[in-house]
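J.: Okay, here's the structure, questions in a sec.
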Amino acid sequence: MEKYIDKMGIFEDFNFKLVVIEALLDKSSAFQDELEALVEEHTKNYEWYTDAGPIKGILQFFAELNIGQTDLDKITELCFDGGNEIYGYIEPDWDGEDCFFDVQSVKGFEHIKNLKSVQLISMVAEEVLEPIKKQGIVIE
């Protein structure tokens, strides 16, 4: 499987960038319209349950997405959960049974200046969140 990286260069772990993008999905982000069009384009012909795998066009969009500080400032909470909406955009029939989206590093979280809390359900080991916890941000 191809490895994706954050081309804006602030998030060490691409999967952490996905968690950040997830936090912006309901916040009128600068990229919302473009993302909705892309999801519509790629998912309407998605072949369910064929092991089609992740949709490369959407992964590429997220890799290249430059999240502006204005959008980053809208984030007050991050949620690490295999049920996050973003994973359905990338691989509509993903069952959560593998480690494909697991987060290994939260380096770059410092750019999310208004972060107040983190919901830890799955997808990340608690020790990976230590740098966030050290900043006094609540881990629930």
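J.: P(r) tail for the stretch 11-75, what percent of Cα pairs lie past 16 Å?
T.: Considering the stretch 11-75, 50 percent of its Cα-Cα pairs are separated by more than 16 Å.
J.: Is it possible to state the helix-based mean residue ellipticity at 222 nm for the chain, with each DSSP H run of 4+ residues giving -39500 (n - 2.57), the sum divided by total residues, to the nearest 500 deg cm²/dmol? What is it?
T.: -9000 deg cm²/dmol
J.: Let me know the whole percent of all Cα-Cα pairs from the chain that are separated by more than 19 Å.
T.: 49
J.: Along the charge dipole of the chain, Cβ charges K/R +1 and D/E -1, which of Leu120, Gln69, Phe101 sits furthest on the positive end?
T.: Gln69
J.: Determine the dipole magnitude for the chain: charges of +1 sit on the beta-carbon of Lys and Arg, -1 on that of Asp and Glu, nothing else is charged, the reference point is the Cα centre, and the result goes in debye to the nearest 20.
T.: So the magnitude is around 680 debye.
J.: Right, next: Which stretch or stretches of the stretch 75-119 have amide N atoms under 13 Å from the point lying 7 Å from Leu25's Cα along the Cα→Cβ direction?
T.: Once the point is set 7 Å along Cα→Cβ of Leu25, 79-94 turn out to lie under 13 Å by backbone N, inside the stretch 75-119.
Coordinate-derived values only; no laboratory data. What you see is a predicted model; the values in this text were computed from it and never measured. Reconstructed Cβ throughout: ideal geometry from the backbone, glycine too, with neighbour counts over all protein chains shown.
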